[in-house]
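Written out below as structure tokens is the structure these notes cover.
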Amino acid sequence: MDMKRSYYRDLRLFDTWPLGLWLVVCAALLALVPFFAGNYLMYVLGYIAINAMVALGLNVLVGYTGQISLGHAGFFAIGAYATVLLAKAGVPIPLALVAAAFIAAAFGFLLGLPALRLEGPYLAVITLGFGLTVENIFAKAEFFGGATGPSVPPFSLSLWPGFSREQNLYWLIMLCAGGTILAIRNLMRTRVGRAFVAIRDSDVAAACAGVDLTWYKTLAFAVSAAFTGVAGGLFAFHLGQVDPTTFNLMLSILFLAMVVIGGVGSILGPLLGAVTISLLNLKLKGLKLADFEQIPLAGKEIAGFISRHFMETGMANIQFIVYGGILVLIMVFEPLGLYGLWIRAKRYWRTWPL
Amino acid sequence: MDILGNLPQVLFSGLAAGSVYALVALAMVIIYRTTEVLNFAQGDMAMMSTYVGLGLLVAGGLPFFWAMLGALAFAAALGAFSEFAFLRRAKEPTVLGLIIITLGIEMIVFGFASWKWGGDPRDLPTPLSPADVVVIGGVIMSYLELATIAISATTISALFLFLNRSKAGLAMRATQQNRAVARLMGIRVRRVEMGAWALAAVIGGIAGLLVGPATTVEPYMMWDPMMKGFAAAVLGGMTSLAGAALGGAIIGIIENLFGFYVSTAFKSVVPFAAILLMLAIKPSGLLARHYVKKV
């Protein structure tokens, strides 16, 4: 049903022209947000867009090339530190972001090298170790500002006359996120993208067909790391501080969760996943006991039970239970994630009333 | 500073730390060689069991031995339940998918434990205080370290006997080698897998109960030992029990040597470097046969 019957259809940027039109409308709406919305909405959208960039970048590796990474918080941290340190040294912010992309890509390339001989579990352990090591080095080395992290320089970029810091930052984030979507969509329509997919489906067959595994596997790591690095740089400005402890194992798993929950191997999937996880994160981080009293019927009893048996200070950790639960449920019931549900719904309506 | 004179002390502390890593690595290996899944929830399941032990000891008022036994029983139940409720239910399971399920379990357990008990570090009171020491040949050994080494060694030996000499151990190996044939031969494959998870959780739980008194009990307590346990398992070749035990000891000793002679701050980089080096030189690990992929 969703089969592509000619090579040229595969090469199109948008599958159908109405889809293209809708995407342009969405982009225009997002671009207009700073003119009528307050800072909080821009903060939320910016946060979602940053996460979406990471999810899309990680998806190149996990969804398209079929390699696992539990260390993307490491690339995220590298991007953040590189951007902040370069910007502090006087490099203009766009240049610092580009440099961060290349630095992260270089580390991705290095991490990709062992990936050549490793499969599934081994790769997971190596990337996990990478993430923990990067966090450790940033938190301990004096050069990087130690446990408190470096101070973030003022965001001095101006994209539109009269814009405030938040508005400028919002546009920059959206530009980068839009660029990421376009770049990855384009990448997947090229020889390189097809090589990635071939490696995912069968690396032996790909090698037989003339795909250079060494080059393409390391390239996948580098590309994925580059997008994550830029997102990390934007995140540093978005949050206004760099705290090395945020780049921990949980963040790496969260990035992976975005890709998996949304659905691996598509553009829409990671976007949906990033939106879901980001909104849940913002919602659940500030959870209070009073929120449980709002539950209909047994609100008071539930709140009472929770206050008797659980720690008030640990309430923010409910988010991890929710993410973990979603992850497990997705893998048990719909391994293709939200994107899989979308495909199923589409198929149901297209063939209706069959 | 007496460089060489301190060497036995450093080696001993390394061995004490390494024996815990060896336990974590063994737990990893038990699950990996039965079901080919890497269990990322291992560390946090152990952390939760330790909290349960602490609760039984302090709030429940049980004697130390029974509280620890209760914690291990809880660990076994948690491991078996995770396998039964989540991994067995996976739809079209792939290795990546199963790893993601264990990550999901890890998040659930971590979230639950840090919600229930909060982030404050707590002390796990033991009859063996780290302050009681015995000096043998100039090496200061605390009772706790000696007990850690002794308990690990006993557990590891018992495990060797169980997995290599008992029928259940044979069933586990058969399940890993060929699930379908094992099933045809009358092995209850699913029960074996559940048993492997329970056993691994108990081994991990022992590690948690040994880490608890040495440091403090807190939600993050097992992340570092888990990473090193992973490193040890990879070093030993993922499928070899002896390799995992040896790997744990090696990681502990190297780490302590590095910490003593080079830098304490970057001690945790060591296991990562060790696996990278190992995989670059001999990817199959120290004590495992080389794995050749058939096309």
Note: among A:G263, A:G273, A:G314, just one is modelled with pLDDT of 90 or more and within 14 Å of chain B (Cβ to nearest Cβ), namely A:G273
From the option list B:A85, B:A131, B:A113, single residue qualifying as surrounded by 15 or more Cβ atoms within 10 Å (Cβ to Cβ) and of a type in the set (G, A, S) is B:A113
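Do the conditions hold for A:A345, that is, is it surrounded by fewer than 17 Cβ atoms within 10 Å (Cβ to Cβ), away from chain B (no Cβ under 13 Å) and small (G, A, S)?
Spelling it out, A:A345 is indeed surrounded by fewer than 17 Cβ atoms within 10 Å (Cβ to Cβ), away from chain B (no Cβ under 13 Å) and small (G, A, S).
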Across (1) buried (at least 17 other Cβ atoms within 10 Å of the Cβ); (2) in contact with a Lys or Arg (Cβ under 9 Å, 6 or more places away or on another chain), A:E293 clears everything bar (1)
* Restricting attention to region B:69-82, does a residue exist that is at the interface with chain A (Cβ under 7 Å from one of its Cβ atoms), in contact (Cβ under 8 Å) with a residue 60 or more places away in the chain and under 19 Å from the mean Cα position of the chain (by Cα)? -> no
Q) Is it the case that some residue within region B:88-98 is modelled with pLDDT of 90 or more and either within 18 Å of the chain's Cα centre (by Cα) or facing chain A (nearest Cβ under 7 Å) (or both)? A) no
| said: Being over 27 Å from B:P8 (Cβ atoms) and outside any helix (DSSP H, G or I) is the requirement here; does B:I187 meet it? | reply: yes
Within region B:226-269, residues out of contact with any Gly (no Cβ under 8 Å at 6 or more places or on another chain) and either within 10 Å of another protein chain (Cβ to nearest Cβ) or part of a helix (DSSP H, G or I) (or both) come out as B:L241, B:F258, B:G259, B:F260, B:Y261, B:S263, B:T264, B:A265, B:F266, B:S268, B:V269
For region A:274-332 the number of residues that are farther than 21 Å from B:D120 by Cα and touching a residue at least 12 places away in the same chain (Cβ under 8 Å) is 18
Reported set for region A:147-182 where residues are part of a helix (DSSP H, G or I), without any contact (Cβ under 8 Å) to a residue 12 or more places away in the chain and more than 16 Å from A:L30 (Cα to Cα) is A:R165
task = Scan region B:218-228 and give yes if some residue there is touching a Ser or Thr at 6+ places or on another chain (Cβ under 7 Å), closer than 28 Å to B:T148 by Cα and surrounded by fewer than 19 Cβ atoms within 10 Å (Cβ to Cβ), otherwise no.
result = yes
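Are any of the residues in region B:24-31 surrounded by fewer than 24 Cβ atoms within 10 Å (Cβ to Cβ) and in contact (Cβ under 8 Å) with a residue 60 or more places away in the chain?
Looking for residues that are surrounded by fewer than 24 Cβ atoms within 10 Å (Cβ to Cβ) and in contact (Cβ under 8 Å) with a residue 60 or more places away in the chain, one finds none in region B:24-31, hence no.
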- prompt: Hey, any hits in region B:142-149 for a residue that's at pLDDT 90 or above and within 23 Å of B:G252 (Cβ to Cβ)?
  reply: yes
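The values are calculated or read from the model by the stated rules, or taken from the named source; none is laboratory data. Owing to the predicted nature of the structure, the values given are computational and were not obtained by experimental measurement. Positions of Cβ are backbone-derived with ideal geometry, glycine not excepted, and every protein chain shown enters the neighbour counts.
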